[in-house]
Amino acid sequence: GIQVEQSPPDLILQEGANSTLRCNFSDSVNNLQWFHQNPWGQLINLFYIPSGTKQNGRLSATTVATERYSLLYISSSQTTDSGVYFCAVEFNDYKLSFGAGTTVTVRA
Amino acid sequence: DAGITQSPRYKITETGRQVTLMCHQTWSHSYMFWYRQDLGHGLRLIYYSAAADITDKGEVPDGYVVSRSKTENFPLTLESATRSQTSVYFCASSEADTQYFGPGTRLTVL
């Protein structure tokens, strides 16, 4: 199956800092999504981004499908950004394969 | 509009017992999915369904059974629970590109 690798595994930020999370995948994919899991366990879809760049407030994402990677940018981080960020790739029929996640801790 | 709900939210059971986790969505999405989340593994797909009465295995289906007699419901049954099935279980639904997740069920098998 498709391998999805996320880096770094853990990230500690001071409030207001910027950061970049990376997702590498091993094969061509139909779709790529970024999710945020908050400290209460809820998974929220951030981006559906098979290619190109999208922005949503302080978050943005870029996927370079030909080079099999995606980046998630967090700008001016806030404590509410804490949680685990997952990259997931769709290989067929809407089935997702998830990376192990990046745990982000934003300190006030 | 409740979206997607799961019940129970927490469950403790014993090895060998049958357990059913419920998932209900109000959007009439065609696709529904069951994942388990374990430390160090992210989420792994157990089973999915493309429509009522259509189900298929995911990455880790052994020990689980699903059914989908109605579009809005997708129950997951552990026929004989084992300790290795202790996990957090997430249900999701989608109509096209974006998957929407339920709040999860934390299952402990003693």
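The values are calculated or read from the model by the stated rules, or taken from the named source; none is laboratory data. Remember, it's a predicted structure, so these values are computed and weren't measured experimentally. Here Cβ is always computed from backbone atoms with ideal geometry, including for glycine, and neighbour counts include all displayed protein chains. When the accessible area is computed, the model is the full protein with side chains, heavy atoms only, and any ligands, DNA or RNA have been set aside. Shrake-Rupley method; radii C 1.70, N 1.55, O 1.52, S 1.80 Å.
Hey, among the residues in the stretch B:31-79 that are among the aromatic types (Phe, Trp, Tyr) and out of contact with any helix residue (DSSP H, G or I) (no Cβ under 9 Å at 6 or more places or on another chain), which one's nearest to A:Ser97 (Cα to Cα)?
Start the filter on the stretch B:31-79 by keeping residues that are among the aromatic types (Phe, Trp, Tyr), which leaves B:31, B:33-35, B:47-48, B:64, B:74.
In the following step, the residues that additionally are out of contact with any helix residue (DSSP H, G or I) (no Cβ under 9 Å at 6 or more places or on another chain) were identified as B:31, B:33-35, B:47-48, B:74.
Values: B:Tyr31: 16, B:Phe33: 12, B:Trp34: 12, B:Tyr35: 10, B:Tyr47: 13, B:Tyr48: 13, B:Phe74: 20 Å.
My answer is B:Tyr35.
Return a yes/no flag: does the stretch B:26-34 have any residue that is within 11 Å of chain A (Cβ to nearest Cβ), closer than 27 Å to A:Gln3 by Cα and either open to solvent by 10 Å² or more (accessible area, probe 1.4 Å) or part of a loop (DSSP other than H, G, I, E, B) (or both).
Of all residues in the stretch B:26-34, those within 11 Å of chain A (Cβ to nearest Cβ) come to B:29-33.
Still in the running and closer than 27 Å to A:Gln3 by Cα: B:30-33.
With either open to solvent by 10 Å² or more (accessible area, probe 1.4 Å) or part of a loop (DSSP other than H, G, I, E, B) (or both) added as a condition, the list becomes B:30-31.
Yes; the residues of the stretch B:26-34 include at least one that is within 11 Å of chain A (Cβ to nearest Cβ), closer than 27 Å to A:Gln3 by Cα and either open to solvent by 10 Å² or more (accessible area, probe 1.4 Å) or part of a loop (DSSP other than H, G, I, E, B) (or both).
Which residues, counting only those in the stretch B:80-99, are under 10 Å from B:Arg36 (Cβ atoms) and in a loop (DSSP other than H, G, I, E, B)?
Start the filter on the stretch B:80-99 by keeping residues that are under 10 Å from B:Arg36 (Cβ atoms), which leaves B:85-90.
Residue satisfying the conditions is B:Thr86 alone.
Please determine whether any residue of the stretch A:70-83 is under 17 Å from A:Glu5 (Cβ atoms) and open to solvent by 30 Å² or more (accessible area, probe 1.4 Å).
Narrowing the stretch A:70-83 to residues under 17 Å from A:Glu5 (Cβ atoms): A:70-72.
Then drop every residue that is not open to solvent by 30 Å² or more (accessible area, probe 1.4 Å), which leaves none.
No: the stretch A:70-83 contains no residue that is under 17 Å from A:Glu5 (Cβ atoms) and open to solvent by 30 Å² or more (accessible area, probe 1.4 Å).
Listed here are the residues, each with its yes/no results for (1) over 14 Å from the mean Cα position of the chain (by Cα); (2) more than 11 Å from A:Arg22 (Cα to Cα); (3) within 14 Å of chain B (Cβ to nearest Cβ); (4) free of Cβ contacts under 8 Å to residues at least 40 places away in the same chain.
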residue: A:Ser60; (1), (2), (3), (4): no, yes, no, yes
residue: A:Val64; (1), (2), (3), (4): no, yes, no, yes
residue: A:Leu72; (1), (2), (3), (4): no, no, no, no
residue: A:Ser77; (1), (2), (3), (4): yes, yes, no, no
residue: A:Phe86; (1), (2), (3), (4): no, no, yes, no
residue: A:Asn92; (1), (2), (3), (4): yes, yes, yes, no
residue: A:Ser97; (1), (2), (3), (4): no, yes, yes, no
residue: A:Gly101; (1), (2), (3), (4): no, no, yes, no
residue: A:Val104; (1), (2), (3), (4): no, yes, no, no
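Could you list, in sequence order, the residues of the stretch B:94-110 that are small (Gly, Ala, Ser), crowded, with 16+ Cβ neighbours inside 10 Å and more than 7 Å from chain A (Cβ to nearest Cβ)?
To start, the set of residues in the stretch B:94-110 that are small (Gly, Ala, Ser) comprises B:94, B:96, B:102, B:104.
From the residues that got through so far, the ones that are crowded, with 16+ Cβ neighbours inside 10 Å too are B:94, B:102, B:104.
Residue satisfying the conditions is B:Gly102 alone.
Take B:Thr55 and tell me if it is away from every other protein chain (no Cβ under 14 Å), β-branched (Val, Ile, Thr) and open to solvent by less than 80 Å² (accessible area, probe 1.4 Å).
no
Return a yes/no flag: does the stretch B:23-36 have any residue that is in contact with a Pro (Cβ under 8 Å, 6 or more places away or on another chain) and not acidic (Asp, Glu). Please lay out each step first, then the result.
Start the filter on the stretch B:23-36 by keeping residues that are in contact with a Pro (Cβ under 8 Å, 6 or more places away or on another chain), which leaves B:23.
Narrowing the set further to residues that are not acidic (Asp, Glu) leaves B:23.
So far as the stretch B:23-36 goes, yes, one or more of its residues are in contact with a Pro (Cβ under 8 Å, 6 or more places away or on another chain) and not acidic (Asp, Glu).
Out of the residues in the stretch A:25-64 meeting the condition of being more than 22 Å from A:Val104 (Cα to Cα) and crowded, with 17+ Cβ neighbours inside 10 Å, tell me which one is modelled with the highest pLDDT.
Per the criteria, the residue is A:Asn31.
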